[in-house]
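Have a look at the structure below, then the notes.
The values are calculated or read from the model by the stated rules, or taken from the named source; none is laboratory data. Small disclaimer: the values here were computed from a predicted structure and weren't measured. Cβ placement follows ideal geometry from the backbone for every residue including glycine, while neighbour counts extend to all protein chains displayed.
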Amino acid sequence: MTDTTATDPIRLHKQLDRIWSTAPGFGRLSAVNHTIVGRRFIVTAFVFFGIGGILAMLIRAQLATPRSAFLGPEIYNQVFTMHGTAMMFLFAIPLFEGLAMYLLPKMLGARDMAFPRLSAYGYWCYVFGGSMLIIGLVLGLAPDGGWFMYTPLSSRTYTPGINADIWLIGITFVEISALSAAIEIIVTIFKLRAPGMSLDKMPLFAWYMLVTAFMMLFGFPPLIVGSVLLEIERAFDLPFFDPARGGDPLLWQHLFWLFGHPEVYIIFLPAAGVMSTVLPVLARREIIGYIWIVVSIVAMAFLSFGLWVHHMFTVGIPHLALAFFSAASTAVAFPTAVQFFAWIGTLASGRPQLKLPMLFLLGFFFVFAMGGLTGVMLAIVPFNWQVHDTHFVVAHLHYVLVGGFIFPMLAAAYYWLPHFSGRSPRHSLGITAFWLIFVGFNLTFLIMHLTGLLGMPRRIYTYDDAAGWEWLNLVSSIGSFVMAIGFALFTVDIVLQVTMGRRAKRNPWGAKTLEWATAMPPPTYNFASLPSVTSRTPLTESGGKSDNLAIDLARGQGYLGFVRDGRLETLGVEITSGRLEQVVRLPNSTFIPLFTAMITGVFFVSVLLKFYLVAAIGFVVTIAMLLMWTRGWGDRADRGLMSVGLGEEAPPHTEVTGAPSNWAMTLGLFANGTAYASLAFGMLFLWVVAPNWPPPVLLDPSVLASALAVVGLAAAAFAAARSVAPAALARAPQRELWLAVAGAGHGAALAGFVVLMTAVPDPTRHAYLAATFVLLAYVALHAALGVVFAAYGIVRSRAGYVSALRSLDLRIGAQWHRYTAAIGLIALLLIHGLPRVMGS
Amino acid sequence: MTSLRNQAFLFMALGFTVWALAFSVLYGVQGTGCELGWHRQPVGPLSLLRWLLILIWAAHMAALGWVYWRCRAALAVTAAKAMPEAFLWRASMALSITAAVATVWIGLALLVPSICVV
């Protein structure tokens, strides 16, 4: 071991920067560092915000006057669809992902996110997927069925071109970044905190992001499943949403809104996290009701998953079900109000400063409260029926999303910009920008409530001058342009500050969270040494002045204040208590995430262009490249306890049970399980609700093939468990034999599933057959990957990366094998049970 | 003591998981029951479907009661030892109460006279 302990801060900085920095020039494309990737997410999101904003201007220009010939209906449909799509998928979610990536390690006292390469891969998937949508728009081929893509409008009959495919494939591509970010955020918050930072000492922003990430983990899979099913229907005519063949358009609505309504809270919660972080600093006191805020975040997250049907109140659902969803929709106002009162109480009992970020926070209070109140109105079924699909709903959703997301995010921009850039503003353009945005926004959307109440429907490209909506629309359009000028001024202000601002002093707001203990702008490694945390206000812990802690850390007087063997290291802790647990080794810059995203792009583009052979190759190569990420990664010898400074020791992450990557697989399987449950739900939903059931022909599954699958799955699960037993881990031949058995088990199960799939009668005949086929394909794919992972385990074992202490690779694989066995058995239960139930 | 440490985080989600389960099962059974005509089968003063829904609701309320008492007991132990997990148990207890209130709130819908009328 070649520990190198620096004697002074500059020497230590040079040592750390050498191993943590990214190469210049084209080397920048290999960046995986969270500060760089986080910044890229943020800047790219604002570029898409600009595009979405221009589309909004086109919409308002079109609607400013009756019978306008500015845009035809075809272009208008693409414009409003892409406006919603860009703002929701390409701006809001990536923006807070970027903010979380940038801030979380710094706030938690870590040197990077848990999986830097995954961050970079997610970023490139986001850029490529988003670009597909924008290129479609430029070519006049953009999706045009609304951002929710309702069937049958988005089905092949009514959207025969490529437009809907671009949405389905582009958005699914982008969602890879959302899911990868969700896993990464959870694991980072769980494991990569400064020692001593127990969950009750964690910054509230991390609590918000933790809950948000869990919501993403469970919220996105239903949409991914819906998108895949709709694409399969469009491409191969499997009728999931066609009522003539046992499908149901309502299945799409359920799957979409199962994602779509939590999505609103997924967007709101990070912004509320900004509120709970920035507001106490500017109010110059700690936040009131920390525990009640945590409780209300969790309550809000759960309740938000019980609201989705309030988007479907008019589709013909029994009154009792409407009452359930109406009750849940009103209930979610309570945890929101708890947070509101905590913020107001903090302001009232503090000494607030009316600085620029505070202006935007006050804007949030006004605008979001209005949106929340109209939300409660819309939760009431009779009122909802009256204003459904009118501009009242458009006004409401903009009050919620702009109030609940954009105002706090603009506050965040001004609050953390000195941290990002190391500079503070010379001018006060931001104040003018705020008033233009605030006045323009209310001018646009306050009056739009009235437009809606007067009956103007959403998504119409023009209206008659006898409708009585002319002056209301004209005022809204004028307001929108005032708002746009405000956003333009904000952009100018930010650019001026970054390029010509004054050198900012350290911790300009007097904050007490750890991100302000880094240099400004932050170095690649964040902290030269990592702090030990004993309270929620760590910057007050070192002599009472924030600079002291910062200087102590820069001098290497915390944990890991040295470079060991040229490795990038940070610390991992036990989840709840924050006790020191492990030394986590992180990867440095590499082009692999970019190349993997490019190959993933080949897969998606090939599906779009219906080059299915190329798509299959792209899929296989993507999996191969993902496995290549671990090539040469890991330890070939046991390291045991290693010094981490301050007289403490910890083992490397490869030698503990709670390693970040083990958690990542667990969380990934949760998301996977949600997708699987959505698929099974779809099948059962169609059986219970859809017309034209029972199907004309029922599957008669082969008992032999089913038995083969059952035995194979059971063998795989059993062998996987044996491969990580202490006796097997101690002896390479034994564990490799068990892994071979696991692989063979999956192989047998795969064969069984393939036989069952081939026995399904023509799946285009009925939704039952289509759903059965897809369900079998889903588990067959998992079994195939099980073979790959078992083989991968053998390769890793033979390469010397596995020992009695270093079993991480095998334990990750074992999770997959057990999970595949479980979903495979459930699938068999469904395909055998459903025909019997229906047949009786 | 280890179990109290390990379970603390899980219990934070448990209260509302029970709520979510109640919500999903009530919605699912209501839809299935309407489809299969259980609302037309009288059992005493109420229909079979309404009895089922009330039973499901009551079972989940009982489960929430158990979650509450478990959190309360764990909080007593962890708070007495000033363990950092006490925070999580306190939050879990508050969440179990909140989830119970939310379950009562959605349960009020069971008073709607028409179960299957669209």
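State whether the residues of segment A:600-623 include one that is in contact (Cβ under 8 Å) with a residue 60 or more places away in the chain and more than 25 Å from A:GLU231 (Cα to Cα). Among the residues of segment A:600-623, not one is in contact (Cβ under 8 Å) with a residue 60 or more places away in the chain and more than 25 Å from A:GLU231 (Cα to Cα), which makes the answer no. Counting the residues of segment A:775-803 that are assigned to a helix (DSSP H, G or I) and farther than 13 Å from A:ALA740 by Cβ gives 13.
Does segment A:765-775 contain at least one residue that is among the β-branched types (Val, Ile, Thr), touching a Leu at 6+ places or on another chain (Cβ under 6 Å) and farther than 25 Å from A:GLU231 by Cα?
No - not one qualifying residue is present in segment A:765-775.
Just checking, does segment A:302-318 include any residue being more than 14 Å from chain B (Cβ to nearest Cβ), of a type in the set (A, V, I, L, M), more than 18 Å from B:PHE16 (Cα to Cα) and touching a residue at least 24 places away in the same chain (Cβ under 8 Å)? The answer is no, given that none of the residues of segment A:302-318 is more than 14 Å from chain B (Cβ to nearest Cβ), of a type in the set (A, V, I, L, M), more than 18 Å from B:PHE16 (Cα to Cα) and touching a residue at least 24 places away in the same chain (Cβ under 8 Å). Taken over segment B:80-107, the residue count meeting the criterion of being facing chain A (nearest Cβ under 7 Å) and either touching a Pro at 6+ places or on another chain (Cβ under 9 Å) or farther than 18 Å from B:TRP69 by Cα (or both) is 4. Annotation: of all residues in segment A:35-93 being basic (Lys, Arg) and more than 28 Å from A:TYR121 (Cβ to Cβ), the one that is farthest from the chain's Cα centre (by Cα) is A:ARG67. Restricting A:LEU704, A:LEU713, A:LEU686 to residues that are buried (at least 17 other Cβ atoms within 10 Å of the Cβ), in a helix (DSSP H, G or I), in the same structural domain as A:HIS817 (by TED's automatic domain parsing) and not acidic (Asp, Glu) narrows the list to A:LEU713. Of the listed requirements (1) over 30 Å from A:GLY289 (Cα atoms); (2) assigned to a helix (DSSP H, G or I); (3) in contact (Cβ under 8 Å) with a residue 60 or more places away in the chain, A:PRO408 misses just one: (1). Within segment A:324-340, the residues that satisfy the criterion of being touching a Leu at 6+ places or on another chain (Cβ under 8 Å) and within 9 Å of chain B (Cβ to nearest Cβ) are A:PHE324, A:PHE325, A:ALA327, A:ALA328, A:ALA331, A:PRO335. Tell me yes or no: at least one residue of segment A:643-662 is among the small types (Gly, Ala, Ser) and assigned to a helix (DSSP H, G or I). For segment A:643-662, residues among the small types (Gly, Ala, Ser) and assigned to a helix (DSSP H, G or I): present. Filtered by the rule that a residue be surrounded by fewer than 20 Cβ atoms within 10 Å (Cβ to Cβ) and not small (Gly, Ala, Ser), segment A:605-621 gives A:VAL605, A:LEU609, A:LYS610, A:PHE611, A:TYR612, A:LEU613, A:VAL614, A:ILE617, A:PHE619, A:VAL620, A:VAL621.
Residues of segment B:26-56 that are more than 11 Å from chain A (Cβ to nearest Cβ), β-branched (Val, Ile, Thr) and in a helix (DSSP H, G or I): B:ILE54, B:ILE56.
Within segment A:228-244, the set of residues being surrounded by fewer than 23 Cβ atoms within 10 Å (Cβ to Cβ) and part of a helix (DSSP H, G or I) comprises A:VAL228, A:GLU231, A:ILE232, A:ARG234, A:ALA235, A:PHE236, A:PRO243, A:ALA244. Screening A:THR570, A:THR576, A:THR534, A:THR540 for residues that are in contact with a helix residue (DSSP H, G or I) (Cβ under 9 Å, 6 or more places away or on another chain), at pLDDT below 90 and not charged (D, E, K, R) leaves exactly one candidate, A:THR540.
Against the test of being surrounded by 23 or more Cβ atoms within 10 Å (Cβ to Cβ) and under 17 Å from A:PHE89 (Cα atoms), the options A:GLY129, A:GLY145 yield a single qualifying residue, A:GLY129. Figure legend. Inter-residue proximity from segment B:1-25: first residues more than 8 Å from chain A (Cβ to nearest Cβ) and of a type outside the set (A, V, I, L, M), second residues surrounded by 19 or more Cβ atoms within 10 Å (Cβ to Cβ) and assigned to a helix (DSSP H, G or I), beta-carbon distance below 6 Å, spacing 6+ or different chains. Indicated pairs: B:PHE11/B:CYS71; B:PHE11/B:SER92; B:GLY15/B:VAL67; B:GLY15/B:LEU95; B:GLY15/B:SER96; B:GLY15/B:ALA99. Scanning segment A:176-203 for residues that are surrounded by 24 or more Cβ atoms within 10 Å (Cβ to Cβ) and farther than 24 Å from A:HIS653 by Cβ turns up A:SER177, A:ALA178. Scanning segment A:492-512 for residues that are under 30 Å from the mean Cα position of the chain (by Cα) and either free of Cβ contacts under 8 Å to residues at least 12 places away in the same chain or part of a loop (DSSP other than H, G, I, E, B) (or both) gives A:VAL495, A:ASN507, A:TRP509, A:ALA511, A:LYS512.
The rows are residues; the columns are (1) part of a loop (DSSP other than H, G, I, E, B); (2) not small (Gly, Ala, Ser).
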position	(1), (2)
A:LEU16	no, yes
A:GLY27	no, no
A:THR35	no, yes
A:ARG39	no, yes
A:PHE48	no, yes
A:ILE51	no, yes
A:GLN62	no, yes
A:PRO66	yes, yes
A:PHE70	yes, yes
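Going through segment B:108-118 one residue at a time, which ones are more than 7 Å from chain A (Cβ to nearest Cβ) and either under 16 Å from A:LEU303 (Cα atoms) or of a type in the set (A, V, I, L, M) (or both)? Of everything in segment B:108-118, those that are more than 7 Å from chain A (Cβ to nearest Cβ) and either under 16 Å from A:LEU303 (Cα atoms) or of a type in the set (A, V, I, L, M) (or both) turn out to be B:LEU110, B:LEU111.
For segment A:411-457, the tally of residues that are outside any helix (DSSP H, G or I) and without any contact (Cβ under 8 Å) to a residue 24 or more places away in the chain stands at 1. Return the residues of segment A:703-735 that are polar (S, T, N, Q) and under 39 Å from the mean Cα position of the chain (by Cα); say none if nothing qualifies. Correct list: A:SER706, A:SER723.
Only one of the numbered conditions (1) more than 20 Å from A:PHE360 (Cα to Cα); (2) surrounded by fewer than 18 Cβ atoms within 10 Å (Cβ to Cβ); (3) touching a Ser or Thr at 6+ places or on another chain (Cβ under 7 Å) is not met by A:GLY501, and that is (2). Looking at A:THR534, A:THR540, A:THR570, can you tell me which residue is surrounded by fewer than 20 Cβ atoms within 10 Å (Cβ to Cβ), closer than 30 Å to A:ALA511 by Cβ and away from chain B (no Cβ under 14 Å)? Within the list A:THR534, A:THR540, A:THR570, the selection yields A:THR540. When we screen A:PHE434, A:PHE445 for residues that are under 29 Å from A:GLU74 (Cβ atoms) and modelled with pLDDT of 95 or more, the only hit is A:PHE445.
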